1. If you take the beta carbon distance between Asn290 and Thr91 as r and set R0 to 35 Å, what does 1/(1 + (r/R0)^6) give as a FRET efficiency, to the nearest 0.05?
2. Quote the charge dipole size of the chain about the Cα centre in Debye, to the nearest 20; the model charges only the Cβ of Lys and Arg (+1) and of Asp and Glu (-1).
3. Once both axes come from the Cα atoms, what is the angle between helix 115-124 and the longest principal axis of the chain, in degrees from 0 to 90, rounded to 10?
4. Just grab the label-to-label distance for Met110 and Met213, each label 7 Å out from Cα along the Cβ direction, in nm (one decimal).
5. Subtracting the Cα-Cα distance from 0.36 nm times the residue separation, let me have the gained length for Leu134 to Ser220 in nm, one decimal.
6. Report the residue, chosen from Thr153, Thr200, Thr12, that carries the largest GNM mean-square fluctuation when the chain is represented by alpha-carbon nodes joined by springs under 10 Å.
7. Gln237 to Thr153: FRET efficiency via 1/(1 + (r/R0)^6), r the Cβ-Cβ distance, R0 30 Å, to the nearest 0.05?
8. Ratio to report: Rg/Rh of segment 7-289, with Cα atoms as the point set and Rh obtained by the Kirkwood method; give two decimals.
Amino acid sequence: MNAIQTTTVTLTGTGVPHPAPGRAGAGVLIQYKDTTLQFDAGRGTVIRLAECGIAPHQLSAVFLTHVHSDHVMDLADVVLTRWIQQTLHPTSAIEIVCPWGAPEQFVTRMLDAFEIDIDLRIKHVQEIPPKFSLSAFETTSNPQTVWQSPDGTVSVLAIAVHHEPVPDAVAYRVNTPNGSVVISGDTRVCPEVEAFARGTQLLIHEACRTQAMSHAIKGSKFEQIFDYHADTIALGQMAARTEVPHLVLTHLIPQPRNEQDCESFISDIRTGGYTGKVTVGSDLDSFEIN
Ligand SMILES: [Zn+2]
Ligand SMILES: [Zn+2]
């Protein structure tokens, strides 16, 4: 158990499906005292958590924003690693919180491919099969509380976002005694996240330079792909309306390779009119909420 009194937010992955050096798949870790919450579990999440000093057995719950592989790739690793570590760190079944429908269907099936490995380990040293407790909720356009810490100090709310044609996609808002954080998941710039982010201290939002790349992508599949992601100029406009003091960009399209690329993201956000603090996220960037 850690003894953190502030709320710490760490990016465990800022990448997208196309791999890039130094960028794990989507994920955000939020810690307040002994509440340790992971949002999405993309490629490399368990390793990134280890780099934060967190093992799967220390997680209070894992939340999924939607079913795309770059957000769920390492969820089975979280569950299986926690299970294998039971010999050293006995814990209860991990809680997985996600929307009903596509994400819930993925979670219920995700260990099927590991059946042979699970049988082998049970015959060898593991006493019982791996377990998780699934808390699935109906996605709604109004905020709803989907999780609370046992002492009631930390709550997590969800709201439906717009990542169509992907069904059952949500953003999360985490309320702690230090303040609130919003995690957009994958979405176009939308009024639901805008309403969610008002009055919070930190907005972690996916970012796609759609307008800047419009000529380069014209007539290609990327036009369709970029259509369900958040254009950085529109995001700057939205962030300005929310008056959130700090905007963190993640799930970066295109993935920045140098300082100049990062500056281009910031320039788009400024063009949108946002004047608060902007961070172009890197893996393991960490922010404290006070
Ligand atoms: Zn994604
Ligand atoms: Zn997605």
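1. 0.70
2. 280
3. 40
4. Each label point is offset 7 Å from its Cα along the Cβ direction, giving 2.6 nm.
5. 27.1 nm
6. Residue with maximal mean-square fluctuation among Thr153, Thr200, Thr12: Thr153.
7. E between Gln237 and Thr153, to the nearest 0.05, is 0.30.
8. 0.97
The values are calculated or read from the model by the stated rules, or taken from the named source; none is laboratory data. Small disclaimer: the values here were computed from a predicted structure and weren't measured. Because the Cβ atoms are built from the backbone with ideal geometry, glycine has one as well, and the counts that use them run over all protein chains shown. Each accessible area value is taken on the protein alone, full model and side chains, heavy atoms only, with ligands, DNA and RNA left out. Shrake-Rupley method; radii C 1.70, N 1.55, O 1.52, S 1.80 Å.
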